[in-house]
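**Q** Attaching a single structure in C-alpha cells format; questions to follow.
The values are calculated or read from the model by the stated rules, or taken from the named source; none is laboratory data. Keep in mind that what you see is a predicted model, and the values were worked out from it rather than measured. In this analysis, Cβ positions are derived from the backbone assuming ideal geometry, glycine residues included, and neighbour counts consider all displayed protein chains.
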Amino acid sequence: MMNRNSLNFSGGPGVLPASVLAQVQQAIVEVPEVGLSVLGISHRSDWFAEVVAETERNIQQLLNLPPNYAVLLLQGGATLQFSMIPMLLLRQRQHCADYVRSGYWSSKSIPPAQLEGAVRILWNGEANGFRDLPQATELSYSPNAAYLHYVSNETVEGIQFHELIGCDAVPRVCDMSSDMLSRPFDASRFALIYAHAQKNLGPAGVTLVIIRRELLEFVPNHLPEMLDYRAHLAAHSIYNTPPVFAIYVTLLVTRWLLYDIGGLAQMDAINRAKAAALYSVIDENAEMYCGHAARKHRSLMNVVFTLPTIELEQNFLRQASECGFSGLNGHRSLGGIRASIYNAMSSEAVSSLCQFMANFARRN
Ligand SMILES: *Cc1c(COP(=O)(O)O)cnc(C)c1O
C-alpha cells in the first residue's frame, strides 16, 4: 500500500519524504535527545542552535557552496524577498534592475521592485502565454544594472530554465522556490538565491536565502533590522523567534537528501526519470493531453497540461481524486492540470499516475 502522502501532487505545500514525516511525528511528541516536544523547545537552546548550524552545513555541502556565501533562514516567504531584495539592492541606486518576466511568479516580483527604483523588463513571455523562456544569448543585459532577477522554475506554468542566464558582471538574483535542491548547479555564479521551504524543502514558515557576503558591503543603512540581511547573519538566523518546527523539518529533509538519496546528482537523476515518464504519457496521448510548456523549457518539477474540454478535465480530476491522486488541479490563474513532482514524490507514485493517465486516455 502506497503512503497516501506520496500521492500529494500539489504545487505547494508539496510532498515530504515519508521517512521525514515519521521522524516529525515522533518529534512532535518528544525530541529524544531533549525530552521535549519540538513545538516547545526554546529557540535559544543549544539544541536549536545546532539545528540551525547543521541545516546550514548540509546546504553548504549539498550545493558545494564557496566559503564567501552565507546561508540564512528567514520568514515572510518568497513574497517578502520580492521586496527585501530591491529595498537593499535597488533603493537609492543610479542604475536599474533587470527583471525577466517569464510567468506568474516573476510577474509578482516586479511591482515591489518598481516601488524601490527603476526596473527594466529584460524579456516578457506574456504575449506567448508564458510557454517558453529566453535563451541566454538572446538577452541584452545592461552592464550597469544593479542586479538581474529571474525565477528558475515558474511553478504555475511549468517552465524551467535548463541553462544559466545573465552575465557575471551583473549580480544574479534568483527565485528558486520550486526547484531548489532538486538538481546540482553552480551557486558561485549567483549573488543571491532564495527559496521558501514549502515546495521542495520542508513546511511553510521558513525561507532559505543564500547570499554572497560581498553583496552586503554595498547595502545602505536605511532599513529596519528585521529587513536587513546583515542583522540575520549576525544573529545566525535567530534574530527574533524563528519557526523552530519548520527549520527542524527542513534539517531532516537535508539529511534525507544527503544520506538517503546521496546528494543532488542522484536527486536530479531520479527527478529526470519521473518527469520523462509523465511527459512521455502526454506525448503518446496527444489527442487527450496537451502540454503547456515548450518542449525545451519543460519543468522537471511541475508538469502542466490541458485536456480538450473543461468537462474532460473535470472528469479527469474527479476520477484521479477517487484513485487517491490529490492536488492535480492547475493553479487558479491558469486552470488545466498540474502534476507537481517535487523531490519527495516517489517514482512509484509517478508510475501509478502515468498508468492512470494512459488508462484515462484509452477510455475516453
Ligand atoms: C510559490 C512561489 C512563490 C510564493 O511564495 P510564498 O512563500 O507564498 O511567498 C514565489 N516564487 C515561486 C517561484 C513560487 O513557486
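**Q** Picking from Ala49, Ala78, which residue would you name as being touching an Asp or Glu at 6+ places or on another chain (Cβ under 9 Å), of a type in the set (A, V, I, L, M), in a helix (DSSP H, G or I) and touching a residue at least 60 places away in the same chain (Cβ under 8 Å)?
**A** Values: Ala49 fails: touching an Asp or Glu at 6+ places or on another chain (Cβ under 9 Å).
None of the others qualify; the one that does is Ala78.
**Q** So which residues in region 186-232 are of a type in the set (A, V, I, L, M) and touching a Cys at 6+ places or on another chain (Cβ under 6 Å)? Break it down into steps so the answer makes sense when it comes.
**A** Just the residues of region 186-232 that are of a type in the set (A, V, I, L, M), to begin with: 187, 191-193, 195, 197, 201, 204, 206, 208-211, 215-216, 219, 223, 226-227, 231.
Answer for region 186-232, where residues must be of a type in the set (A, V, I, L, M) and touching a Cys at 6+ places or on another chain (Cβ under 6 Å): just Ile193.
Matching residues to (1) without any contact (Cβ under 8 Å) to a residue 24 or more places away in the chain; (2) among the charged types (D, E, K, R); (3) in contact with a strand residue (DSSP E or B) (Cβ under 9 Å, 6 or more places away or on another chain):
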{"residue": "Glu30", "(1), (2), (3)": "yes, yes, yes"}
{"residue": "Arg44", "(1), (2), (3)": "no, yes, no"}
{"residue": "Ala53", "(1), (2), (3)": "no, no, no"}
{"residue": "Asn58", "(1), (2), (3)": "no, no, no"}
{"residue": "Leu62", "(1), (2), (3)": "no, no, no"}
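**Q** Report yes if some residue within region 21-44 is at pLDDT 95 or above, in a helix (DSSP H, G or I) and of a type in the set (Asp, Glu); otherwise report no. Break it down into steps so the answer makes sense when it comes.
**A** From region 21-44, those at pLDDT 95 or above are 21-31, 34-44; that's our starting set.
Imposing the further condition that a residue be in a helix (DSSP H, G or I) reduces the set to 21-29, 38-40.
Right, trim to of a type in the set (Asp, Glu) and you get none.
No, every residue in region 21-44 fails to be at pLDDT 95 or above, in a helix (DSSP H, G or I) and of a type in the set (Asp, Glu).
**Q** Follow-up. Identify the single condition in (1) surrounded by fewer than 24 Cβ atoms within 10 Å (Cβ to Cβ); (2) more than 11 Å from the ligand (Cβ to nearest atom) that Gly202 does not satisfy, given that it satisfies every other one.
**A** For Gly202, the exception is condition (1).
**Q** Same structure, new question: Do we have Leu223 as more than 27 Å from Thr155 (Cβ to Cβ), surrounded by fewer than 24 Cβ atoms within 10 Å (Cβ to Cβ) and aliphatic (A, V, I, L, M) here?
**A** Values: more than 27 Å from Thr155 (Cβ to Cβ): yes; surrounded by fewer than 24 Cβ atoms within 10 Å (Cβ to Cβ): yes; aliphatic (A, V, I, L, M): yes.
Against the criterion (more than 27 Å from Thr155 (Cβ to Cβ), surrounded by fewer than 24 Cβ atoms within 10 Å (Cβ to Cβ) and aliphatic (A, V, I, L, M)), Leu223 qualifies.
**Q** Lys296 - would you say it is of a type outside the set (A, V, I, L, M, F, W, C) and either within 23 Å of Val51 (Cα to Cα) or surrounded by fewer than 16 Cβ atoms within 10 Å (Cβ to Cβ) (or both)? I'd like the intermediate steps shown before the answer.
**A** Details: of a type outside the set (A, V, I, L, M, F, W, C): yes; either within 23 Å of Val51 (Cα to Cα) or surrounded by fewer than 16 Cβ atoms within 10 Å (Cβ to Cβ) (or both): yes.
Criteria met by Lys296.
**Q** If you don't mind, there's one more thing I want to ask. Which residue pairs have Cβ atoms closer than 8 Å, lie 6 or more positions apart in sequence or on different chains, and pair a first residue in region 192-216 that is touching a residue at least 40 places away in the same chain (Cβ under 8 Å) and not assigned by TED's automatic domain parsing to the domain that holds Ala246 with a second residue that is more than 11 Å from the ligand (Cβ to nearest atom) and not small (Gly, Ala, Ser)?
**A** From region 192-216, no pairs qualify.
**Q** If you take the residues in region 299-348 that are more than 22 Å from Ser182 (Cβ to Cβ) and of a type in the set (A, V, I, L, M, F, W, C), which one is surrounded by the fewest Cβ atoms within 10 Å (Cβ to Cβ)?
**A** Checked region 299-348; the qualifying residue surrounded by the fewest Cβ atoms within 10 Å (Cβ to Cβ) is Ile310.
**Q** If the Cβ limit is 6 Å and pairs must be 6+ apart or interchain, which residue in region 8-26 that is within 16 Å of the ligand (Cβ to nearest atom) pairs with which residue that is in a loop (DSSP other than H, G, I, E, B) and modelled with pLDDT under 95?
**A** Matching pairs, first to second residue: Asn8/Val15.
**Q** When region 53-79 is examined, which residues are found to be within 16 Å of the ligand (Cβ to nearest atom) and buried (at least 17 other Cβ atoms within 10 Å of the Cβ)?
**A** Of everything in region 53-79, those that are within 16 Å of the ligand (Cβ to nearest atom) and buried (at least 17 other Cβ atoms within 10 Å of the Cβ) turn out to be Leu72, Leu73, Leu74, Gln75, Gly77, Ala78.
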